[in-house]
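Before any comments, here is the structure.
The values are calculated or read from the model by the stated rules, or taken from the named source; none is laboratory data. Bear in mind the structure is a predicted one, so any value in this text is a computation, not a measurement. Because the Cβ atoms are built from the backbone with ideal geometry, glycine has one as well, and the counts that use them run over all protein chains shown.
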Amino acid sequence: MSRKNGLEPTDAPADVALRGASALQISAKNADASQLISQGAAALHAAYHGGQLRPSQVVAHAIAAAGLGEPGLFMCVTEERARSEARASDARWDAGQPLGPLDGVPVVWKDLFDMQGAPTTAASATRRNAAPASQDAAAVQRLAACGCISLGKVGLTEFAYSGLGLNPHFGTPINRASVDGPRAPGGSSSGSAVAVAAHIACIGMGTDTGGSVRVPAAFNGLVGFKPSIGRFDKRGIFPLSETLDVPGPIANAVQDCVWVDAALRGAPLLPLVASSVAAMSFVVPSNLMFEGIEPEVQAAFDLLVQRLREAGAQIRFEAFPAFDEFTALTARHGTIAAAEAYVWHQALVDGPLAASIDRRVLARLARGKTMTALDLLTLQAARARLVRECAEQLGQAWMLSPTVVHVAPLVAPLEADDALFSNTNLRTLQNTLPGNFLDLCGLSLPMGTGAAGMPVGALISGAAGRESALLAAAAGVEQLLGLASAAA
């Protein structure tokens, strides 16, 4: 049975989340849980193994934190399920028979993933009364089989259609790094990132159609992993674009993404072996990826490049023709996501419930209505060719760029100005959208801070099918930057 927590409109002030963040320490044990969650699944595993903490204690902390009622963070807390899964995990640990490194690890799910007994709202007012799902999504089943504890479903941009994470229906979870007023959490997997940043869950499962895992990871100083198409089973996930949608995790450490990747593929959950940075080759795009970049983000990226070179990595700068063609194609023909999203939501966009949709999301959905069959077929044909050409250009090298060219923006100006919102959203997705169109696997890794002390991310991308090598490479960079937890 699910406990609703945020399914009603809210007029709560935007600083509720910032005030509520200080209330997360419920007890000494819960404080221990919060600290260990922030270090990742390996730290929790070590604590369980040593008897310092039990999964039921971690879940008690998580449920207490989720119950604080921050607008837009939890759509529902699956308290009964979480406590039951925690008791089962306790029993396995007591018997010395845990299922593996994810046994007892708390996870939250973007409210696009079906969870048995809970509605899948896609954070839309039009789906408040959606029927409860009859079974778990395939990804939920896979992680449950490894002992993960599902805490509930978290918020997102309505229908997952924005990179900023704002939601007028259920509220916008606030970026935990904000110090000068509430800043955007990034989208569309906003709740997935904030729940991890708030030390409620080790893993926040999201989806990425144009940056929706990598952007919130970058905005919140986390790791966000986007696989290429087909690596994970998408059954039971509410779609935006059938072609481009991919599920992926947001976490505090690359190791957690490695284990989630293995779990979702049904592969053995093995310890991470990081690649040597000295053996790596990176290509930094000289086109598109640095347009409109904030000086502080550029400085953080330049420092990363310097450190990689000092560690022996080979780095070259060159243009990617696929980027220029992608930009020209979308300007002339629109996007695959827009066409497919309109087809999926046509009855809503053209029906009486259109007024119930976030006006900014509605405008983006409506753009697909103007596209023709010629537009879509042109995009699809060009995409198949450009995927091959980009993969050939990269070879065994990794593409390296900032994940986003700016830090998380303040929420209030975005809410007040739709033109500013639209322009900022385009800038936010500038560096991630090509990766979806070109079917690159990609991982965003924290690389420092920018304006207002906000986190900035580095995006490491590779050709489709190179996910395992990408994760190992990212782990090597993570170690170089001193980001990896000592427990990992």
Would you mind stating whether Asp90 is on the phi < 0 side of the Ramachandran plot and touching a Ser or Thr at 6+ places or on another chain (Cβ under 6 Å)? yes
Being more than 27 Å from Gly186 (Cβ to Cβ) and either buried (at least 17 other Cβ atoms within 10 Å of the Cβ) or in contact with a helix residue (DSSP H, G or I) (Cβ under 8 Å, 6 or more places away or on another chain) (or both) is the filter here; which residues of segment 50-78 pass it? Gln52, Leu53, Arg54, Pro55, Ser56, Gln57, Ala60
Could you say which residue among Ser212, Ser228, Ser276 is within 15 Å of the chain's Cα centre (by Cα) and farther than 26 Å from Gly450 by Cα? Ser228
Which numbered condition Ala451 misses (of (1) more than 30 Å from Ala339 (Cβ to Cβ); (2) surrounded by 23 or more Cβ atoms within 10 Å (Cβ to Cβ); (3) of a type in the set (A, V, I, L, M, F, W, C)): (2)
All but one of (1) in contact with a Ser or Thr (Cβ under 8 Å, 6 or more places away or on another chain); (2) under 19 Å from Ser190 (Cα atoms) hold for Ala122, so report the exception by its number. (1)
Pairs please, first residue from segment 391-402 and on the phi > 0 side of the Ramachandran plot, second anywhere and surrounded by fewer than 16 Cβ atoms within 10 Å (Cβ to Cβ) and modelled with pLDDT of 95 or more, Cβ atoms under 9 Å, 6+ apart in sequence or on different chains. Gly395/Ser281
For segment 284-293, check the following and say yes or no: at least one residue is under 30 Å from Ala452 (Cβ atoms) and either in a helix (DSSP H, G or I) or modelled with pLDDT under 95 (or both). no
Quick test for you: out of Thr126, Thr78, pick the one residue that is of a type in the set (Val, Ile, Thr) and more than 21 Å from the chain's Cα centre (by Cα). Thr126
Examine segment 149-159 for a residue that is in a loop (DSSP other than H, G, I, E, B) and under 23 Å from Gly40 (Cα atoms), and state whether such a residue exists. yes
Elements of type strands (runs of 3 or more DSSP E) in segment 201-277, at least 2 residues being free of Cβ contacts under 8 Å to residues at least 60 places away in the same chain: 246-251
Give the residues of segment 200-246 that are of a type in the set (D, E, K, R) and surrounded by 24 or more Cβ atoms within 10 Å (Cβ to Cβ), sorted by residue number. Asp208, Arg214, Lys226
So for segment 190-198 (the condition being farther than 17 Å from Trp109 by Cβ and modelled with pLDDT of 95 or more), does at least one residue qualify? no
Name every residue in segment 146-186 that is among the β-branched types (Val, Ile, Thr) and either under 14 Å from Asp111 (Cα atoms) or buried (at least 24 other Cβ atoms within 10 Å of the Cβ) (or both), in order of residue number. Ile149, Val154, Thr157, Thr172, Ile174
So which residues in segment 338-384 are without any contact (Cβ under 8 Å) to a residue 60 or more places away in the chain, of a type in the set (D, E, K, R) and under 21 Å from Phe326 (Cα atoms), if there are any at all? Arg367, Lys369, Asp375, Arg383
Among helices (runs of 4 or more DSSP H) entirely inside segment 408-454, those with 3 or more residues being under 13 Å from Ser162 (Cβ atoms) and modelled with pLDDT of 95 or more are 411-416, 418-429
Subset of segment 415-435 [closer than 15 Å to Arg360 by Cα and among the hydrophobic types (A, V, I, L, M, F, W, C)]: Ala416, Ala419, Leu420, Phe421, Leu426
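Results for (1) touching a His at 6+ places or on another chain (Cβ under 8 Å); (2) aliphatic (A, V, I, L, M); (3) closer than 16 Å to Val154 by Cβ, shown as yes or no for each residue.
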residue	(1), (2), (3)
Ala62	no, yes, yes
Leu73	no, yes, yes
Thr78	no, no, yes
Ala88	no, yes, no
I want to confirm something. Restricting to segment 387-407 and keeping residues that are more than 25 Å from the chain's Cα centre (by Cα) and in a helix (DSSP H, G or I), which single residue is surrounded by the fewest Cβ atoms within 10 Å (Cβ to Cβ)? Glu392
For segment 247-296, the count of residues that are surrounded by fewer than 23 Cβ atoms within 10 Å (Cβ to Cβ), within 27 Å of Phe159 (Cβ to Cβ) and in contact with a Lys or Arg (Cβ under 7 Å, 6 or more places away or on another chain) equals 2
Elements of type helices (runs of 4 or more DSSP H) in segment 21-132, at least 1 residues being within 30 Å of Arg359 (Cβ to Cβ): 55-66
Considering only segment 341-361, I want to know if a residue exists there that is small (Gly, Ala, Ser), surrounded by 16 or more Cβ atoms within 10 Å (Cβ to Cβ), within 24 Å of the chain's Cα centre (by Cα) and not in a loop (DSSP other than H, G, I, E, B). yes
